[in-house]
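The values are calculated or read from the model by the stated rules, or taken from the named source; none is laboratory data. No experiment lies behind these values; they were computed from the predicted model shown. Virtual Cβ from ideal backbone geometry, glycine too; neighbours counted across all protein chains shown. Only protein heavy atoms, including side chains, enter the accessible area calculation; ligands, DNA and RNA are left aside. Shrake-Rupley method; radii C 1.70, N 1.55, O 1.52, S 1.80 Å.
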Amino acid sequence: MESDPVAGTVAASAGQSRAVVVAALLCGYAQGAEGTAHRCEAKDDVYGQTLARSRAQVYREAAELVRTMALADAAAEMMRRATQASVRTPPLIDFDAAGVRYLTGRAWQFCAWQIDPALPEVAPSWGR
């Protein structure tokens with residue numbers, strides 16, 4: 001698997017479809033997020049563990065979408081889910097739950113951008 005320097009997306013290696021490569025990339029992200037969750041658990045960081053497990057779940061679901069849909073359709077579904085989960089402004093009450101939703105929206109958007117980086121931002125950063 002290699003990066004396509006022109007489009008900023010993942011390019012398929014010889015003999016592999018782009019969907020297979022993107023699904024493998026997303027599964028790798030899920031494994032990394034699970035590793036982060038385990039490290040957080042070892043440190044008794046429950047919120048960090050929740051955030052990491054939420055990302056891992058999104059990455060696994062995104063990989064499944066890539067396996068079962070055309071790439072353009074999968075990206076559109078990911079952006080729909082990103083929009084649905086997006087939290088535009090951090091609330092003063094129930095901040096932790098909003099943080100999980102925010103991170104979920106950003107993760108869905110990130111997954112869609114792995115397919116098409118030209119897609120619009122639908123889950124903006126709270127830092128802007």
Check: If a residue has to be touching a residue at least 24 places away in the same chain (Cβ under 8 Å), among the basic types (Lys, Arg) and surrounded by 12 or more Cβ atoms within 10 Å (Cβ to Cβ) to count, how many in region 78-94 make the cut?
Finding: 1
Next item on the list: Being open to solvent by 60 Å² or more (accessible area, probe 1.4 Å) and either β-branched (Val, Ile, Thr) or in contact with a helix residue (DSSP H, G or I) (Cβ under 8 Å, 6 or more places away or on another chain) (or both) is the filter here, so list the residues in region 102-115 that pass it.
Entry: ARG106
Next item on the list: Filter region 107-125 down to the residues that are part of a helix (DSSP H, G or I) and in contact with a Lys or Arg (Cβ under 8 Å, 6 or more places away or on another chain), then identify the one that is farthest from ALA74 (Cα to Cα).
Entry: ALA107
Next item on the list: Filter region 42-77 down to residues that are surrounded by fewer than 15 Cβ atoms within 10 Å (Cβ to Cβ) and either of a type in the set (A, V, I, L, M) or within 13 Å of the chain's Cα centre (by Cα) (or both), then give me how many there are.
Entry: 5
Next item on the list: Determine, yes or no, whether ALA97 is open to solvent by less than 60 Å² (accessible area, probe 1.4 Å), modelled with pLDDT under 95 and under 12 Å from the mean Cα position of the chain (by Cα).
Entry: no
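Has region 71-84 got any residue that is assigned to a helix (DSSP H, G or I), over 18 Å from ALA19 (Cα atoms) and of a type in the set (Val, Ile, Thr)? Please lay out each step first, then the result.
Taking region 71-84 and keeping what is assigned to a helix (DSSP H, G or I), we get 71-84.
Pick out the ones that are also over 18 Å from ALA19 (Cα atoms) and you get 80-84.
Filter once more, so that each one left must be of a type in the set (Val, Ile, Thr): 83.
Yes, the conditions are met somewhere in region 71-84.
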